[in-house]
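The values are calculated or read from the model by the stated rules, or taken from the named source; none is laboratory data. Keep in mind it's a predicted model, so treat the numbers as computed, not measured. Glycine also receives a Cβ, built like all others from the backbone with ideal geometry; neighbour counts cover every protein chain displayed. To get the accessible areas, we keep the full protein, side chains included, count just its heavy atoms, and leave off ligands, DNA and RNA. Shrake-Rupley method; radii C 1.70, N 1.55, O 1.52, S 1.80 Å.
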Amino acid sequence: MPPSEFIPYGRQSIGDDDIAAVVEVLRSEFLTQGPTVPRFEAAVASSTDAKFGVAVNSATSALHLACLALGLGPGDSLWTSPNTFVASSNCGLYCGAEVDFVDIDPRTYNMSVMALEEKLIQAEQLGRLPKIVIPVHFAGQSCDMRGIRTLANRYGFRIIEDASHAIGGRYLGEPIGNCQYSDITVFSFHPVKLITTGEGGLLTTNDANIATILRRLRSHGITREPGEIVEKMEGGWSYQQIELGYNYRMTDMQAALGLSQLNRLDEFVLHRHARAERYDEWLAALPIQLPYQGADSYSALHLYPIVLKDTTRRRDVFDQMRKAGILVNVHYIPVYTQPYYRKLGFQAGLCPESERYYAGAITLPLYPALTGEQQRYVVEILKQALQ
Ligand SMILES: *Cc1c(COP(=O)(O)O)cnc(C)c1O
């Protein structure tokens, strides 16, 4: 039985509390640069066991500022996973750096530590080691952060975790975002992600100096802080721009929504797990590879990607599901195969595992309000399409 509405691959869950929280800010003195943003930052830092949180207007802005705060610039190089949204590597290009890609592990679809090590050995011989590596916690499952940290210690690169899919998840029992293995972690609050602020992002770090730089850069590189100013202040009106920053600020309405959503994050993740378990059971007999969950990770389960064993059927299965009102998607087209990246010189074949995964991948709908009936319909249509 087809549902009366389209079933998207992901969507927000907004409750009355969320609406009331935003309205409260709208009736207050400050719509932006008020008290709610710092409260949201403190709440995320506390829930992830990080020392500092810095909120911005998107994860894309967060990635850009993270790269700048770690000193990325022309002549440097940044590596990330090809199995991600373009923002994970565009941030390197914003800084004038070169970017390159490390192939994925065929089980987790996360950056492969083995592939990273091989690429580092070659890069060292060529004198072209990366300054920054950005592991992406794909679908909400943590990368092998211990392995990546070990390589960072040996080869001297910095680590930014792109945890856009992973707030509410854990690695080795500890919250993702605690930066135990990295310099900075980045979260996204786009409506398809785990919790939303409409648009929004947040960086966590344990380094006070990095947090100071991030706060300054998100607001034009301007400061009034006694410890940061570089000249004597003329008067009470004074502020000093000491570097070239941006307007990447989050509004207080967004932060209020984020604070309210954060209260329900654990519940959202539990709902996602219950729905993923249903899929695991109902899809077990089909000719597809189901998402693998490693023992080190408690995934936030942002996505439920399946891989068709017969990749020649992907397009047809995708089209049939879309036609039935199921707005399946594909995560991700390997970034370096985008036209813009091909113009930079990247060629197909660079990351074979990533391309193999992509060829058969389809993301099924998964979000907290997805009903059992809707899931049954998704499974029924998928079965028909695979016949
Ligand atoms: C969504 C996403 C981003 C960008 O997030 P925005 O908040 O939309 O800028 C970056 N990286 C990954 C892996 C994402 O999924």
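Observations
- Top positive-direction residue, dipole computed over the chain with Cβ charges, set Tyr340, Ala208, Leu303: Tyr340
- Here is the list for segment 220-319: trypsin sites (Lys or Arg not before Pro) lying in DSSP coil, each with at most 10 other C-beta atoms within 10 angstrom of its C-beta, are Lys232.
- Lys, Arg +1 and Asp, Glu -1 on Cβ, resulting dipole of the chain about Cα centre, debye, nearest 20: 640
- Residue (of Pro352, Val230, Val186) at the positive-pole extreme of the chain, dipole from beta-carbon charges: Pro352
- For the cross-link pairs Lys119/Lys343; Lys193/Lys383; Lys131/Lys309, the ones whose C-alpha atoms lie over 29 Å apart are Lys131/Lys309.
- Contact order normalised by residue count of segment 250-387, Cα under 8 Å, 6+ apart, percent: 32
- Gap separating the Cα centres of segment 318-387 and segment 87-102, nearest whole Å: 24
- Among the protein heavy atoms of the chain, carbon and sulfur supply 50% of the accessible surface, probe 1.4 Å, non-protein parts ignored.
- Largest to smallest accessible area among Lys383, Lys51, Lys323 [probe 1.4 Å]: Lys323, Lys51, Lys383
- DSSP-loop chymotrypsin sites (Phe, Trp or Tyr not before Pro) across segment 277-308, with at most 13 other Cβ within 10 angstrom: Tyr292
- Of the GluC sites (Glu not before Pro) found in segment 1-71, those that fall in a DSSP loop while having at most 12 other beta-carbon atoms within 10 Å are Glu5, Glu29.
- The value for segment 229-369 of Rg(Cα) / (2.2 N^0.38 Å) is 1.56.
- Over all other residues within a Cβ to Cβ distance under 11 Å of Ala69, the charged ones net out to +1, with Lys and Arg as +1 and Asp and Glu as -1.
- Solvent-accessible ranking of Tyr239, Tyr358, Tyr171, largest area first, probe 1.4 Å: Tyr239, Tyr358, Tyr171
- Hull volume per residue, based on the alpha-carbon atoms of segment 190-237 and their convex hull, is 110 Å³.
- Solvent-accessible area per residue, Å², over the chain with all protein chains present [probe radius 1.4 Å]: 45
- Calculated translational diffusion coefficient of the chain (10 °C, 1.306 mPa s; Stokes-Einstein with Kirkwood radius over alpha-carbon pairs) equals 73 µm²/s.
- Most to least accessible of Glu231, Glu225 (protein chains only, probe 1.4 Å): Glu231, Glu225
- Rough spin-label spacing in nm, given labels placed 7 Å along Cα→Cβ, for Leu172 and Glu5: 4.2
- A cut-off of 5 Å between modelled amide H atoms, ignoring neighbours fewer than 5 places along the same chain, links Leu301 with Gln141.
- Each Lys and Arg adds +1 at its Cβ and each Asp and Glu adds -1 at its Cβ; summed about the Cα centre, segment 299-387 shows a dipole of about 200 debye.
- One way to sum up the overall shape of segment 135-290 is the equivalent ellipsoid from its Cα gyration tensor, whose semi-axes run 37, 21, 11 Å, largest first.
- Sequence ranges 146-158, 342-354, ranked by mean other-Cβ count within 10 angstrom, highest first: 146-158, 342-354
- The fraction of Cα-Cα pairs per 10 angstrom bin, counted from 0 for segment 26-107, comes to 16, 33, 31, 16, 4, 0 percent, rounded to whole percents.
- log₁₀ of I(q)/I(0) at q = 0.18, 0.24 Å⁻¹ - segment 121-211, Debye sum with one point per alpha carbon: -0.80, -1.19
- For the pair segment 62-83 and segment 104-119, the centres of their Cα atoms are 19 angstrom apart.
- Gaussian network model of the chain, Cα within-10 Å springs - most flexible of Thr312, Thr36, Thr108: Thr312
- Here the sum of -39500 (n - 2.57) over DSSP H runs of 4 or more residues, divided by the residues of the chain, equals -11500 deg cm²/dmol at 222 nm, to the nearest 500.
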